[in-house]
Each structure stands twice: as C-alpha cells, then as structure tokens.
C-alpha cells in the first residue's frame, strides 16, 4: 500500500521550475582569491500548493586549491500564487569535512520582481553559526534587471561576517541571462577589530520548467563567501 501511494505521488509530480548557474567571484584587490561555482536546482510541484526543491553545487576554490560541494533540499508550501514559505536542510563538504545546515525561508513576488529571506543554522563537530539574509530584485524593461542582497552570519569564537551586494542583469531571451555583482564583505572578531573587502562576481543562468525559474534561491553556507 505504501509503495502504491509513493508511486502515485511521484507520477503526479511536475517539474515546475529549475535553474543552471555558472559564476566566478573574487576579491578585487587580489583576484587569486577566486571561486568558480557551477550549480543546478530543480523544483517539483505536487499539486498547486506543495513542492520540493533540490540544489546541487560545486565550488572550485582557487586560493585553497580545493573543490567544495553542497547539496540541499527544500520543502515548499505556497500560500498563494505570489507568496511561499519553506524549510530546508543541506550539507556542505570541503576537504573531507562536512557541515550540516537547516533553516526556514519565505518569498513574495510582486509584478516583475520579488523579495525573499531566510534564516539558517549550521553545525560542524560541535561548532555552530547562524546566518540570516534577504534579497530582492526587479526587471526594469528591455530585459535589464537590478537587485540587491544582504547576508549576516555569526559564528562561534566571536566571528561575524556581513556581505552586501548590488546586481545588474541582462536577459538573453526568455530563459537565459547574464549578471554582474559588486559588493563588500566585512569580517569581525570580537575584541580584535574588523576588516572589509570589496568583491566582484559575474555569471550566467538558464531557467527551465513550467514556471521558468525557482521559488527560492539555492542555499549553502559557501554562498556567504565570495572567492573562498
């Protein structure tokens, strides 16, 4: 009976959205500290209100000469055509070390734009941290879009990181676009002061699925750090 229910649910699933993304980011004063990211996400809808989103990403870290991977799953509940809430769980892996993270998120679309936010908690061998973020954007016309994002994380040992970025994008047809982002990353350790670095990021995305896109952005603690 259980197998019949599972097979029936799988048969009713629809690929409602998806995205493939390639980007390069690094610090402007030392571009050897750079990161190449290749990621893909797919969203499956189960009826009009429930959905599941899966994220998979690979980060090639030039400075550390390492490759990091991340995998995340979201459960999505749509309150309306323009409002959604969700919960997610994911795993980041680097140099044989694994970090688990989980959190909640919400998204609101309006006209040609939208805004979304999340709250995440990460744990690794007794160490932990909390990250909160908000992002938004809008298409202005002729395929040109603007956006901004703000993320703040606090971690054990008095470490905190704040990343702020502004983005411009240009649509290349209905499903593809190129984007560029500039911003700052501020790091502080309690009692030892703080420092700020400017970063730049360029990339491209390709959307697919019935909705040609995703309800939520991909989640990974690696997203907080450009170039690392």
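Is it true that residue 96 is touching a residue at least 24 places away in the same chain (Cβ under 8 Å), at positive phi and either out of contact with any strand residue (DSSP E or B) (no Cβ under 7 Å at 6 or more places or on another chain) or surrounded by fewer than 20 Cβ atoms within 10 Å (Cβ to Cβ) (or both)?
Against the criterion (touching a residue at least 24 places away in the same chain (Cβ under 8 Å), at positive phi and either out of contact with any strand residue (DSSP E or B) (no Cβ under 7 Å at 6 or more places or on another chain) or surrounded by fewer than 20 Cβ atoms within 10 Å (Cβ to Cβ) (or both)), residue 96 does not qualify.
How many residues, within region 52-63, are modelled with pLDDT of 95 or more and part of a loop (DSSP other than H, G, I, E, B)?
The qualifying residues number 0.
Do we have residue 90 as in contact with a strand residue (DSSP E or B) (Cβ under 6 Å, 6 or more places away or on another chain), at pLDDT 95 or above and surrounded by 14 or more Cβ atoms within 10 Å (Cβ to Cβ) here?
It is true that residue 90 is in contact with a strand residue (DSSP E or B) (Cβ under 6 Å, 6 or more places away or on another chain), at pLDDT 95 or above and surrounded by 14 or more Cβ atoms within 10 Å (Cβ to Cβ).
Looking at (1) free of Cβ contacts under 8 Å to residues at least 12 places away in the same chain; (2) crowded, with 20+ Cβ neighbours inside 10 Å, which one does residue 218 not meet, given that it meets all the others?
Unmet for residue 218, out of (1) free of Cβ contacts under 8 Å to residues at least 12 places away in the same chain; (2) crowded, with 20+ Cβ neighbours inside 10 Å: (1).
Tell me whether region 64-76 contains one or more residues that are surrounded by 13 or more Cβ atoms within 10 Å (Cβ to Cβ), in a loop (DSSP other than H, G, I, E, B) and either at pLDDT below 90 or touching a helix residue (DSSP H, G or I) at 6+ places or on another chain (Cβ under 6 Å) (or both).
The answer is yes; a qualifying residue exists.
Regarding residue 112, is this residue in contact (Cβ under 8 Å) with a residue 40 or more places away in the chain, under 15 Å from residue 213 (Cα atoms) and touching a strand residue (DSSP E or B) at 6+ places or on another chain (Cβ under 9 Å)?
For residue 112, the condition - in contact (Cβ under 8 Å) with a residue 40 or more places away in the chain, under 15 Å from residue 213 (Cα atoms) and touching a strand residue (DSSP E or B) at 6+ places or on another chain (Cβ under 9 Å) - is not met.
Of all residues in region 124-139, count the ones that are loosely packed, with under 13 Cβ neighbours inside 10 Å and either within 14 Å of the chain's Cα centre (by Cα) or in a strand (DSSP E or B) (or both).
Final tally of qualifying residues: 1.
For region 154-178, how many residues are under 26 Å from residue 113 (Cα atoms), surrounded by 13 or more Cβ atoms within 10 Å (Cβ to Cβ) and either in contact (Cβ under 8 Å) with a residue 60 or more places away in the chain or over 18 Å from the mean Cα position of the chain (by Cα) (or both)?
5
Name the single residue that is farthest from the chain's Cα centre (by Cα) among those in region 110-123 being closer than 29 Å to residue 140 by Cα and assigned to a strand (DSSP E or B).
By that ranking, first place goes to 110.
The values are calculated or read from the model by the stated rules, or taken from the named source; none is laboratory data. This structure is a prediction, so every number in the text was calculated from the model and none was measured. Heads up, the Cβs are rebuilt from the backbone with ideal geometry, glycines too, and the neighbour counts pull from every protein chain shown.
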